[in-house]
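Remarks on the structure that follows.
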Amino acid sequence: MRTLFLVLTLLLSGCAAFTTTPQAPPPPSHQAQEISRAQSYGLPKLGTITATTRGSPDDAQRAIAAKANQAGAVYYQILMLDETTIPSFWYATAILYGAPSSGTGAQQ
């Protein structure tokens, strides 16, 4: 019985890790800014982008930031950053977001 209680407790506490409290994104600037999942609530999605680059994870993040700027996004959220099967080649995927709407209704 104790084992069942322990397992249930661990499962329920693990679910809390996937729940995020919405937070306000930073004020828009002249360049696209990386935001977290909690900051993306209510922002209009513009699409997704990918980048494959040789170098380091930082190079892939810079490539995503450059593509987000080219696309005219205000914010972006990196979903995945992983090394490919070829050493030193990195692949990244991100969601692009626009400026927050001035209305009270939030979209997601």
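Residues that are buried (at least 18 other Cβ atoms within 10 Å of the Cβ), closer than 19 Å to residue 26 by Cα and not hydrophobic (A, V, I, L, M, F, W, C) within the stretch 63-86 comprise 75, 76, 77, listed in sequence order.
Considering the stretch 80-99 alone, what residues qualify as being aliphatic (A, V, I, L, M) and in a strand (DSSP E or B)?
Scanning the stretch 80-99 gives 80, 81, 92, 94, 95, 96.
Cβ-Cβ distances below 9 Å connect the following pairs, each with a first residue in the stretch 9-20 that is closer than 21 Å to residue 36 by Cβ, a second residue that is at pLDDT 70 or above and surrounded by 10 or more Cβ atoms within 10 Å (Cβ to Cβ), and a separation of six or more residues or different chains: 20/36; 20/37; 20/38; 20/41. Test residue 81 against the stated conditions and say whether it is within 12 Å of residue 98 (Cα to Cα) and hydrophobic (A, V, I, L, M, F, W, C). Answer is no for this residue. Inspect the stretch 60-79 for any residue being modelled with pLDDT under 95 and not in a strand (DSSP E or B) and give the result as yes or no. Within the stretch 60-79, none of the residues are modelled with pLDDT under 95 and not in a strand (DSSP E or B).
The values are calculated or read from the model by the stated rules, or taken from the named source; none is laboratory data. For clarity, every value in this text was computed on a predicted model and none was experimentally measured. In this analysis, Cβ positions are derived from the backbone assuming ideal geometry, glycine residues included, and neighbour counts consider all displayed protein chains.
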